[in-house]
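> Before anything else, here's the structure in question.
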Amino acid sequence: MVRTWRLPADIGAFALTRDRADAIVALRSGLFRLGLRTGDLAPLAPPFDPRLHRFNEGAPDSHGRFWLGTMFDPIGPPQAPPEPARLHSFTLGDGLHPQPDAAEFHNGMAWSPDKTVFYLAHSRRRTVSAFPFDVGNGRQGTPRRFVTTPPALGVRDGAAVDAEGGYWCALHGGWCLHRYGPAGRLDRRMRLPVSQPTMCAFAGRDLDLLIATARSPDDPPPAPRYPPDLRQQARRRPDRNGTAQSAPGAREGAISAG
């Protein structure tokens, strides 16, 4: 059974609350709590300037913080060059807090299996960085360059990490997923039947099923605004299992109260 919740603005990310009764949704107009049974929206935090930016990427860490990336996506014709906006973190107890990193186009969030490395893509700059990460307090250290993508390979989009520490990333426009080892070396290219994959995630009881979603090639560029029926999905059996944080609805991937 498929259920749809209609929202009043572009959605960039969502995460379930600990009790699974609600979702925190990141819209262009701000952060909201969505009642999954009622469909009611309650405002939680205002956005940055919604005329220029919107939330584009989000993922919860194992301590219940919701990390949110941004995208320069002006309403109407752009009047200025792309402007970076900050990475944010959110909890129901502490609210929305800006973080040091800034980009015009955040993507590709994931954590290493031991939660000591946080991966984050800057899609416009075609890079992925690996940040030392203290999961206890949510602080990031000085990042190192993890991967750089040549333009011909497509744009870095959503990501997941497997149990061996491999970083899987969707290549939007590249017809594939890439897997990189912990040192940043490409060791697998998984061809897909869709040209514009947007996200990958591990699923199944043993986290041995890799699911990729994709934007329909018929969607008008450059800013996708597609209804659910234009989504495409591909499934593959990788030779490695995922981590719990990569599984949709994983208990440790929920939003906590503080």
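Read-outs: derived from the displayed coordinates by stated rules, not from any lab. Keep in mind that what you see is a predicted model, and the values were worked out from it rather than measured. Positions of Cβ are backbone-derived with ideal geometry, glycine not excepted, and every protein chain shown enters the neighbour counts.
> Given R₀ = 30 Å, what would the calculated FRET efficiency be for residue 183 paired with residue 94, taking r from the Cβ atoms and rounding to 0.05? Walk me through the intermediate numbers first.
Working: r = 35 Å, r/R0 = 1.15.
Calculated value: 0.30.
> Just rank 48, 131, fewest to most, by other beta-carbon atoms within 10 angstrom. Walk me through the numbers on the way to the answer.
Working: 48 17, 131 21.
Final ranking by Cβ density, sparse to dense: 48, 131.
> Let me ask something else about it. Give the whole-number value, in cubic angstrom per residue, of the convex hull volume spanned by the C-alpha atoms of segment 1-122.
Values: hull volume 15.4 nm³, N = 122.
It is 127 Å³ per residue.
> How much of the calculated P(r) for segment 78-122 lies past 15 Å, in percent of all Cα pairs? List each step's numbers first, then the result.
On the way: 576 of 990 pairs.
Of the Cα pairs, 58 percent sit more than 15 Å apart.
> Could you put 211, 24 in order, starting from the residue whose Cβ has the fewest other Cβ atoms within 10 Å?
Values: 211 16, 24 24.
Ordered from fewest to most neighbouring Cβ atoms within 10 Å, 211, 24 come out as 211, 24.
> Quick check: residue separation of residue 211 and residue 3 times 0.36 nm, minus the Cα distance between them. What number comes out in nm? All intermediate terms of the calculation are to be shown ahead of the outcome.
Working: separation 208, 0.36 × 208 = 74.88 nm, distance 1.92 nm.
The span from residue 211 to residue 3 would gain 73.0 nm if fully extended.
> For 127, 116, what's the fewest-to-most ordering of other Cβ within 10 Å of each Cβ?
Ascending number of Cβ neighbours within 10 Å: 116, 127.
> Any chance you could run the full-extension gain for residue 36 through residue 21? It's 0.36 nm times the residue separation minus the Cα-Cα distance, nm to one decimal.
Working: separation 15, 0.36 × 15 = 5.40 nm, distance 0.60 nm.
Full extension of this stretch gives 4.8 nm more.
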